Amino acid sequence: MVTDPPPLGPAARLEYAASEVRETLPLPPGELVRGLAAPVMASLAGGRTGPVKVAGAALLDALSAFYRIGPPSLRVLGVRPHEVEGGVCVFQLFGDYAPATSQIRVFMRTAIKGQIVRPKSFLCTLLHEFCHHLDVRLFGWRSSYHTRGFFGRIDGLYHLALGTPEAARRPLHWVPAGEAWRIDWPAMRAPRPGGPEGQVPLAYAAGGGGPKPE
């Protein structure tokens, strides 16, 4: 998981910097979010897009109402668009967000085998795209960058939706990667002194990154 490098234009850099330092969000009641996130994950088992869309839209509507913004529309689609080079999948699209139309798309089947994606991964993708919507509609930014703050905001919503105990959470650990930053996964998984192995904070796995949002 790697952040976007800082953009070139001065106005864009200001937005990037504002996103970078905003690591948290005011959060809705946990019971409400967990009660709506659970049906999203459970609906995947049926393998049909319709029930997943209904459950996902209910979660997005509730989150949007809490933040007092218009809800995004939602499309739930099948196999992830992907690219293969030399027999190896080098890219797959988990979901995306279109600021001009406030539309979120999420894909519910894996790129190569067409299997149903893991429920936590799907939920994380959905929340990832919703955080792009928040950047545009709540904060008023023209662009939504993958900054350390952006991933921190997803992290808060994701663990709220799962009901992760505070003691089981780890702060995101970043290391420089040129002009960008990347997650230090070994540090995230390292056991605490006298404690258990760390819990990976986000359901990001594919391609060494995470849900590719646009």
| Long-range tail of P(r) for segment 12-111 (Cα pairs > 23 Å, %) | 42 percent
| Chain lengthening between SER73 and LEU32 when straightened (0.36 nm per residue, less Cα-Cα) | 12.7 nm
| Probe 1.4 Å, all protein chains in place: accessible area of ASP155 in Å², nearest 10? | 10 Å²
| query | On the accessible surface of segment 1-82, probed at 1.4 Å, how many percent belong to carbon and sulfur atoms? | reply | 63 percent
| remark: Relative contact order of the chain (C-alpha contacts under 8 Å, at least 6 apart) in percent is 27 percent
| Which whole-number percentage describes the relative contact order of segment 10-129, with Cα contacts under 8 Å and a sequence gap of 6 or more? | 22 percent
| Under a plain spin-label model, where a point goes 7 Å from the Cα along Cα-to-Cβ, how far apart in nm are GLU179 and VAL2? | 1.3 nm
| Given 10 as the ceiling on other Cβ atoms within 10 Å, longest exposed-site-free region of the chain for trypsin sites (Lys or Arg not before Pro) in DSSP loops | 143-214
| query | Roughly speaking, what is the centre-to-centre gap between segment 90-104 and segment 4-45 when only Cα atoms are used, to the nearest Å? | reply | 14 Å
| request: Leaving out ligands and nucleic acids, note down the accessible area per residue over segment 97-147 with a 1.4 angstrom probe, in whole Å². | output: 40 Å²
| request: Could you quote the convex hull projected area for segment 32-88, Cα atoms only and averaged over all directions, in nm²? | output: 5.4 nm²
| Within segment 37-52, backbone nitrogen closer than 19 Å to the virtual label 7 Å beyond the Cα of LYS120 toward Cβ | 37-45
| message | Test of understanding: what is the full-extension gain from ALA11 to ALA190, defined as 0.36 nm times their sequence separation minus their Cα-Cα distance? | response | 60.6 nm
| task | May I have the extent of the alpha carbons of segment 89-171 along their three principal axes, as whole Å values ordered from largest to smallest? | result | 39, 39, 21
| said: Please compute, for the alpha-carbon atoms of the chain, the extent along each of the three principal axes and give them in descending order in Å. | reply: 43, 41, 39
| field | Computed over segment 102-176: relative contact order in percent, which uses C-alpha pairs under 8 Å that are six or more apart | value | 24 percent
| note | Percent antiparallel among DSSP beta bridges confined to the chain, rounded to 5, stands at 70 percent
| Just how far, in whole angstrom, is segment 146-188 from segment 60-78 if you go by their alpha carbon centroids? | 23 Å
| At 222 nm, what helix-only mean residue ellipticity would the chain give, in deg cm²/dmol to the nearest 500, using -39500 (n - 2.57) for each DSSP H run of four or more? | -12500 deg cm²/dmol
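Treat segment 15-62 as a sphere of radius equal to its Kirkwood radius over Cα pairs and apply Stokes-Einstein at 25 °C in a medium of 0.890 mPa s; give the translational diffusion coefficient in µm²/s, rounded to a whole number.
196 µm²/s
May I ask you to compute the full-extension gain from THR24 to ALA168, defined as 0.36 nm times their residue separation minus their alpha-carbon distance, rounded to one decimal in nm?
50.1 nm
The values are calculated or read from the model by the stated rules, or taken from the named source; none is laboratory data. The model shown is predicted, which means the values in this text are computed figures rather than measured ones. FYI the Cβ positions are ideal-geometry reconstructions off the backbone, even for glycines, and counts take in every protein chain you see. Surface accessibility is based on the protein's heavy atoms, side chains included, excluding ligands, DNA and RNA. Shrake-Rupley method; radii C 1.70, N 1.55, O 1.52, S 1.80 Å.
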